[in-house]
1. Just the residues that are touching a strand residue (DSSP E or B) at 6+ places or on another chain (Cβ under 7 Å) and more than 15 Å from Phe152 (Cβ to Cβ), please, taken from the range 213-233.
2. What is the one condition in (1) open to solvent by 50 Å² or more (accessible area, probe 1.4 Å); (2) out of contact with any strand residue (DSSP E or B) (no Cβ under 8 Å at 6 or more places or on another chain); (3) touching a residue at least 12 places away in the same chain (Cβ under 8 Å) that Pro59 does not satisfy?
3. Can you list residue pairs whose Cβ atoms sit under 7 Å apart, with the first residue in the range 81-94 being closer than 12 Å to Leu43 by Cβ and at pLDDT below 95 and the second being of a type in the set (Ser, Thr, Tyr) and open to solvent by less than 20 Å² (accessible area, probe 1.4 Å)? Count only pairs 6 or more apart in sequence or on different chains.
4. Scan the range 70-110 for residues that are closer than 18 Å to Val35 by Cα and either touching a Leu at 6+ places or on another chain (Cβ under 8 Å) or outside any strand (DSSP E or B) (or both) and jot them down.
5. As an exercise: evaluate Asn229 against (1) within 20 Å of Phe66 (Cβ to Cβ); (2) without any contact (Cβ under 8 Å) to a residue 60 or more places away in the chain; (3) in contact with a Ser or Thr (Cβ under 6 Å, 6 or more places away or on another chain) and give the number of the one condition it does not meet.
6. So, in the range 133-142, exactly how many residues are surrounded by 15 or more Cβ atoms within 10 Å (Cβ to Cβ) and either at pLDDT below 90 or of a type in the set (Val, Ile, Thr) (or both)?
7. Quick check on my filter: what residues within the range 33-56 are closer than 16 Å to Gly193 by Cβ, open to solvent by 40 Å² or more (accessible area, probe 1.4 Å) and not in a loop (DSSP other than H, G, I, E, B)?
8. Could you check how many residues of the range 162-191 are in contact with a strand residue (DSSP E or B) (Cβ under 7 Å, 6 or more places away or on another chain), among the small types (Gly, Ala, Ser) and without any contact (Cβ under 8 Å) to a residue 60 or more places away in the chain?
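The values are calculated or read from the model by the stated rules, or taken from the named source; none is laboratory data. Being a predicted model, the structure only gives us computed values, none of them experimental. Here Cβ is always computed from backbone atoms with ideal geometry, including for glycine, and neighbour counts include all displayed protein chains. Please note that ligands, DNA and RNA were not included when accessible areas were found on the heavy atoms of the full protein model with its side chains. Shrake-Rupley method; radii C 1.70, N 1.55, O 1.52, S 1.80 Å.
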Amino acid sequence: MKLVQKTGLFIAAAFIAVSCGNPGDTVEATDAVEVGEASGTTLTIDAATSKVDWRGYKPAGQHWGFIPVTTGELMVDGETITGGKFVFDITGLKIEDMEESNENYGKLWGHLQSADFFDAGNHPEAMFEVTSIEVYGSSDEIEDKEEFKTDFTPKKDSELIDGTPTHWISGNLTMRGTSKNIKFPAIVSMADGTVSAQAGFNIDRTNWGLMYGDESTAVDKAKDQFIYNTVSVKFDIKAN
């Protein structure tokens, strides 16, 4: 599959981490970049089969779930992906480590929607828009960030992608009104008019203003007084 660097594929979501420098660097968020014009045929994101998974960590436990993708498109010129973007619904966020009937579900869901985290009342949607795609080289590596060790240390970037990456995807991720450019490894395929992309990576939530429990402010990390800034993100996106 041939790809151009001018603009490329999509996501994520949610929330991410592989640098926008050379492939193999640790993921970081940098200033948003201009999105080039895309050409070709428009493929529609299949919202029924596309989603963004998330997982958050603290020393005493972890929570996980998904955020539904609502709309989006991918531009394809022959076998070349030339651009794409998708929107996901923060208010539709689901928590999967507990039943919705559990009173703690409502408390956690409400807290995640609040200004402490996503501020969904003012920013109910998030968006990812592709800025470039590079082929994942045979010598490329995913570097892992060192984390404070506890029983629930965040998963490593190298553990999050299910399979061998084919490409590096870069794009502007917008949450809480803040746009940052991120780059991450993904598995991209095209067959029978359908484009699929799967990825797994980490982001630093504080880059988008999700500051509650910021671990850098913890006086004594041994006393579980913080939430890890690292959030793991996985996505499975299909466009027809």
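1. Val233
2. For Pro59, the exception is condition (1).
3. Within 7 Å, the pairs are Thr82/Thr7; Gly83/Thr7.
4. As a first pass, look at the range 70-110 and keep what is closer than 18 Å to Val35 by Cα: 72-77, 80-87.
Passing the criteria: Glu73, Leu74, Met75, Val76, Thr80, Ile81, Gly83, Gly84.
5. In the conditions (1) within 20 Å of Phe66 (Cβ to Cβ); (2) without any contact (Cβ under 8 Å) to a residue 60 or more places away in the chain; (3) in contact with a Ser or Thr (Cβ under 6 Å, 6 or more places away or on another chain), Asn229 misses (1) alone.
6. Number of matching residues: 4.
7. Thr41, Thr42, Thr44
8. 1
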